[in-house]
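Engineer: First the structure, then my questions, so here it is.
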Amino acid sequence: MQKKKLIVDFDDTIVESIFLQRVNRFLKTSYTFDNFTNYYIDDIVPIDKRNEFFDSFCDTNPYSDVKLVDGARESLEKLSKVYDIYICSGCVMYNMPNKSAQIFAYKYEFLINNFPFLSPQKFIFTNSKEIISADIMIDDYLSNLKGNIKQKFLFTSYHNKNFSDKELEEKGIKRVNSWKEVCQILL
């Protein structure tokens with residue numbers, strides 16, 4: 001029997017946002033995720049300092065000290081026994097496309113080192129997720145849950161809490177709040 005194809009996003013789904021720590025370090029602030037409802041945490045950086053911020057952002061590996069979302073590793077390992085798992089993540093940064101190759105390398109290295117049970121042949125790096133076709137997709141960014149996907153799950157994150165269950169239901173999307181909940185539904 002062929003396994004169902006499960007597409008899983010990376011940033012804000014498997015790992016916490018890489019921007020919060022970097023913004024706090026750069027601005028010498030102590031923001032938390034509760035301070036944001038917008039996806040782009042870096043919007044808080046003053047316009048006249050953004051180039052400096054993004055230069056520093058790319059010069060060091062933002063994934064070197066990123067935190068895994070609670071239960072992500074264990075859940076993906078369990079799910080990998082039942083599903084054909086693909087990790088799908090954007091790597092072209094809208095505000096620094098010319099430096100995005102380094103972000104790709106950092107993500108790839110993180111996945112290889114932290115998820116040895118996943119096949120690197122099944123890592124997809126694209127910002128155009130609407131081209132994806134799969135049985136199931138889990139993502140934190142609502143606009144990524146397009147394409148030919150049979151079951152769509154919005155993984156709760158700081159920037160998507162304001163979408164109501166009714167609003168998601170109308171789009172054929174179910175909210176999941178944790179990896180434990182994902183496993184309860186899919187296993």
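A short reminder: the numbers here are calculations on the coordinates, not readings from a lab. Because the structure is a prediction, the values reported are computed rather than measured. A quick note on method: Cβ atoms are made from the backbone with ideal geometry, for glycine too, and the neighbour counts reach across all protein chains shown.
Engineer: Mean separation of Cα pairs under 8 Å and 6+ residues apart, divided by the residue count of the chain: what relative contact order is that in percent?
Structural biologist: Across the chain, relative contact order equals 28 percent.
Engineer: Looking at the chain, what % of its DSSP beta bridges pair antiparallel, to the nearest 5?
Structural biologist: Values: 1 of 23 bridges.
Rounded to the nearest five, the antiparallel share is 5 percent.
Engineer: Report the semi-axes of the equivalent ellipsoid for segment 116-160 in whole Å, largest first, where each axis is √(5λ) for an eigenvalue λ of the Cα gyration tensor.
Structural biologist: Details: eigenvalues 68, 39, 24 Å².
Each semi-axis is √(5λ); the values are 18, 14, 11 Å.
Engineer: Could I ask something else about it? Output needed for segment 145-187: three equivalent-ellipsoid semi-axes, defined as square roots of 5 times the C-alpha gyration tensor eigenvalues, in descending order, whole Å.
Structural biologist: 16, 15, 9
Engineer: Strictly over 22 Å apart at the Cα level, which of Lys28/Lys99; Lys129/Lys150; Lys67/Lys146 would you flag in this model?
Structural biologist: Correct reply: Lys28/Lys99; Lys67/Lys146.
Engineer: Based on the Cβ-Cβ distance of Val92 and Asn61, what FRET efficiency does E = 1/(1 + (r/R0)^6) give at R0 = 22 Å, to the nearest 0.05?
Structural biologist: 0.80
Engineer: At 7 Å along Cα-to-Cβ for each site, give me the label-to-label distance between Ile185 and Phe33 in nm.
Structural biologist: According to this spin-label approximation, the distance is 1.6 nm.
Engineer: If we restrict to alpha carbons, what Rg and Dmax does the chain come to, in Å?
Structural biologist: Here Rg and the maximum Cα pair distance are 16.5, 56 Å.
Engineer: For Ile149, which sequence-distant residues (separation of 5 or more, or a different chain) have an amide H within less than 5 Å of its own amide H, given hydrogens modelled in the peptide plane?
Structural biologist: Long-range HN contacts for Ile149: Ala134.
Engineer: Whose amide H sits under 5 Å from the amide H of Ile124, counting only residues 5 or more places off or on another chain, with H placed in the peptide plane?
Structural biologist: Under 5 Å from the amide H of Ile124: Ile87, Cys88, Ser89.
Engineer: Does anyone have the angle between helix 100-114 and the longest principal axis of the chain? Alpha-carbon axes, 0 to 90°, nearest 10?
Structural biologist: The answer is roughly 50 degrees.
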